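Report on the structure given below.
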Amino acid sequence: MKYAATQNFINGKFVNAGSDRKLDVISPVDGTLLSTVPMSTSKDLDSAVTAAKAAFPAWSRMPIKERVQVFFRYKTLLEKNLDELAKLCSEENGKTYGESVAEIEKSIELTEFATSLPQLITGEILEVSKGVECRTEHVPLGVVASIVPFNFPSMVPNWTIPNAIALGNCMIMKPSEKVPLSCGRLAELLKEAGLPDGVLNIVHGDVEIVEAICDHPGIEAISFVGSTKVAKIVYQRATSNFKRCLALGGAKNHLMVLPDAIPAMTAQNVAASMSGCAGQRCMAASAMVAVGNVDSIIDRICEEARKIVPGENLGAVISKESKERIEGYITEAEKNGAKILVDGRSPKVNGKENGTYVGPTVIDHVTPDMSVAREEIFGPVISIMRAKTVDEALAIENANPYGNAASVFTQNGGMARYIIERASAGMIGVNVGVPVPREPFSFGGWNESKFGVGDITGKSSIEFWTKLKKSTTKWNPEAGINWMS
Ligand code: NAD
């Protein structure tokens with residue numbers, strides 16, 4: 001085993017979980033056993049919540065301008081340790097080193113946003129009648145929890161840690177059991193940056209611990225990021241326990257390619273979007289709607305896809321089960337009459353035979369009823385459907401139950417606007433394959449890609465991680481005259 005067994009992080013210390021149940025953490029890159037991860041119990045969660053509750057009064061009373069000083073230092077530490085964090089991220093997740101560097105850089109940007117919160121969180125005050133003032137202020141919620149997926153071991157935890165904590169909350173983080181290592185390093189860096197013990201706690205585990213988080217009376221709010229199936233379970237369970245919940249789910253992002261799209265740029269963007277992070281991004285293009293005749297662009301997309309080599313500029317998918325599932329989708333589409341233009345099944349990756357790789361795959365003549373068109377594949381696969389008109393393309397896009405992202409490739413501004421207004425997705429790209437809004441713009445989809453109100457990052461997150469206090473005060477200035485005499 002390359003690293004020591006992963007432990008929970010409670011009250012500023014790494015500690016063993018109460019149960020012996022544990023899972024192996026296997027590197028998708030080459031099958032190396034990296035560590036084990038404990039499956040914590042509700043007792044472990046109790047200890048974490050107790051620590052967080054104890055830390056809350058002092059942390060929440062500290063002025064926000066002081067709290068964000070921790071995040072200025074954390075940002076510097078992320079920059080200083082970027083190479084090590086990126087290598088760890090690649091080892092446990094399987095993405096390429098360059099993709100991991102981009103992930104840590106995004107974590108830095110998210111932290112930078114949190115340091116600007118004092119500028120954004122000012123309340124309102126107004127003299128509403130003579131001597132009477134109404135005032136609002138954002139107050140932290142208390143102990144909150146964040147449950148995260150495997151595909152961004154550093155970035156998704158950093159969607160919530162800096163903002164929720166800078167806003168005065170104390171947090172229980174539940175990392176993905178598939179990639180538990182990066183989160184531990186983030187906790188160490190936060191401690192080094194001066195975060196008081198108990199403000200951030202990590203509890204590892206799977207279903208049991210997630211259920212315990214949803215049920216725990218000491219937890220006020222839960223953010224969840226993961227598949228739609230689990231997002232629904234968590235949202236329902238958390239809200240039925242009267243907790244605030246924001247649950248981000250899966251995606252099936254459609255790109256619409258119009259005949260006037262710039263061929264080289266479009267082909268590069270489509271190939272990069274469907275294959276980046278081995279297609280394991282909730283913002284990856286998974287379906288393309290070819291509007292009219294764009295065959296020459298499809299040829300170029302195939303050329304670009306063939307330049308993407310597993311084990312070189314394409315990372316591994318998370319597990320053997322994932323690889324089998326993705327390859328199963330390709331085989332099923334082929335059986336149902338779709339044409340495999342670029343086939344990524346069972347690639348040979350010399351020296352990494354135990355890694356879990358799927359090559360880039362382009363499937364043409366897919367019909368909207370096929371499972372590759374309807375379901376989230378979460379692998380480097382794009383399914384191409386054909387439409388005669390933009391309205392037909394929009395109908396295909398809007399029929400899918402998800403609504404994370406959609407993109408259009410065109411040189412016609414009016415057409416782009418037409419699509420922005422009509423596509424049923426929270427994040428739209430125009431000539432952009434992965435339309436992730438940069439900070440301070442917030443991140444969040446629509447439909448079955450998100451349950452709850454507001455977005456998880458940016459200014460929108462302020463509303464989620466705080467509650468508004470409204471005070472009305474009346475002072476009679478005349479009464480003060482001669483008070484000292
Ligand atoms: P997942 O839903 O399997 O797991 C997410 C978290 O839930 C993990 O911490 C896991 O331990 C826990 N979990 C798993 N099954 C559970 C169950 N039955 N009950 C309670 N908890 C459970 O997701 P994943 O495979 O880790 O991540 C990939 C998914 O996440 C994809 O669907 C992807 O689109 C989605 N995702 C969405 C966004 C977004 O912003 N919308 C971002 C990243 C990933």
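Just so it is clear, none of the values below were taken in a lab; they were calculated from the coordinates. This is a predicted model, so every value here is computed, not measured. Here the Cβ is made from the backbone with ideal geometry for all residues, glycine too, and neighbour counts use every protein chain on show.
A few points about this structure:
- Label point at LYS467 placed 7 Å out along Cα→Cβ; residues across the stretch 221-242 whose backbone nitrogen lies under 12 Å: 221
- Neighbour counting of Cβ atoms within 10 Å sorts the residues MET288, MET39, MET415, fewest neighbours leading, into MET415, MET39, MET288.
- Per-residue ellipticity at 222 nm, computed for the chain from helices alone with -39500 (n - 2.57) per DSSP H run of at least four residues, works out to -12000 deg cm²/dmol.
- Of the trypsin sites (Lys or Arg not before Pro) found in the stretch 7-75, the ones in coil according to DSSP and having at most 15 other Cβ atoms within 10 Å of their Cβ are ARG21.
- Calculated FRET efficiency for the pair ASP206/THR239, C-beta based, R₀ 30 Å, to 0.05: 0.90
- Segment ALA399..GLN411, full-extension length gain: 1.8 nm, with 0.36 nm per residue of separation and the alpha-carbon distance subtracted.
- Tilt relative to the chain, helix 228-240 - C-alpha long axis, 0 to 90 degrees, to 10: 20
- Trypsin sites (Lys or Arg not before Pro) restricted to the stretch 327-422 and DSSP loop, no more than 10 other C-beta within 10 Å: LYS348, LYS388
- Nearest 10 degrees, 0 to 90: helix 390-399 Cα axis against the chain principal axis: 60
- Amide H within-cut-off set for VAL15, under 5 Å, with H built and near neighbours excluded: ASN8, PHE9, ILE10
- Residues whose amide H lies under 5 Å from that of ILE147, counting only those 5 or more places away or on a different chain, are LYS174, SER223, PHE224, VAL225; hydrogens are built 1.01 Å from N in the peptide plane.
- Point-to-point label distance, GLU84-CYS134, nm (Cα→Cβ direction, 7 Å offset): 5.2
- Degrees between helix 295-306 axis and first principal axis of the chain (Cα, 0 to 90, nearest 10): 70
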